[in-house]
1. Using modelled amide H (1.01 Å from N, peptide plane; none on Pro or chain starts), what sits under 5 Å from the amide H of A171, excluding residues fewer than 5 places away?
2. Taking the Cα atoms only, what angle lies between the long axis of helix 43-52 and the longest principal axis of the chain, rounded to 10 degrees?
3. Rounded to a whole number, what % of the accessible area of the chain do carbon and sulfur atoms account for, probe 1.4 Å?
4. Where both partners of a DSSP beta bridge lie in region 1-114, what percent of those bridges are antiparallel, to the nearest 5?
5. For the chain, what is the percent of antiparallel DSSP beta bridges, rounded to the nearest 5?
6. Using only Cα atoms, locate the centre of region 113-178 and the centre of region 5-67, then give the distance between them in Å, rounded to an integer.
7. Ignoring ligands, DNA and RNA, what accessible area per residue does the chain give at 1.4 Å, in Å²?
8. In terms of solvent-accessible area of protein heavy atoms at a 1.4 angstrom probe, what is the ranking of V143, V75, highest value first?
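The values are calculated or read from the model by the stated rules, or taken from the named source; none is laboratory data. Predicted, not measured: the structure shown is a model, and the values here were computed from it. The area values use the complete protein model at the heavy-atom level, side chains included, leaving out ligands, DNA and RNA. Shrake-Rupley method; radii C 1.70, N 1.55, O 1.52, S 1.80 Å.
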Amino acid sequence: MKPSLRVERRNGESGRKLRRKGKVPGVIHSRPPGPGELIAVEERELLALLREHPSAVVDVAVEGEAPAPALIAEVQRDFLNGRLLHVDFRRVERNQKIRVPVRVELAGESPAERQGGVVQLLRHELEVECLPDDLPASLNADVGQLGIGDRLTAGELALPAGVELADDPEAVVAVALPPQNDADEAEDAAQE
């Protein structure tokens with residue numbers, strides 16, 4: 001089911017007043033880029049949406065209008081307390097491809113981990129290109145074949161149907177590191 005969000009038009013209220021009421025000020029930008037429509041979103045609803053679908057295409061329903069697909073383009077937070085300050089949406093067309101960064105998640109257990117090593121995720125997001133309805137919530141980086149010293153590149157990821165990699169295919173996504181004790185012993189031996 002596609003995530004949805006109800007928003008209301010902003011009637012000249014300042015962002016500070018809206019935040020006191022538990023709302024987040026925002027803008028919906030249309031295609032082609034032009035002046036956006038000022039909106040306000042319930043903070044609780046937006047936080048829940050961001051937890052579950054941080055880079056999803058959302059059906060945004062502005063009061064009095066039919067829901068239309070939009071992408072969460074930018075979220076601004078207070079750097080001290082993490083509170084939401086502002087959100088920008090970008091309207092999209094269902095039949096036009098979009099380029100979006102998507103979260104990468106590790107999947108599987110590697111032989112390196114069974115030997116005491118550690119698999120480290122180096123790229124937390126990769127940019128993909130697809131139709132809005134094909135946008136995945138995340139990309140799985142299957143590390144089930146990584147031995148110690150092996151690496152997994154962006155080009156080696158299995159992408160869902162309709163999704164193309166728009167990032168560097170040679171970018172290293174994950175690497176299998178040796179056990180810390182072995183690395184320390186090798187370093188000590190090299191120093192002697």
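1. A154, G155
2. Compared with the principal axis, the helix lies near 30 degrees.
3. 47 percent
4. Rounded to the nearest five, the antiparallel share is 70 percent.
5. Antiparallel bridges: around 75 percent, rounded to the nearest 5.
6. When both Cα centres are located, 32 Å separates them.
7. Value returned for the chain: 59 Å² of accessible area per residue.
8. Of V143, V75, the descending order of accessible area is V75, V143.
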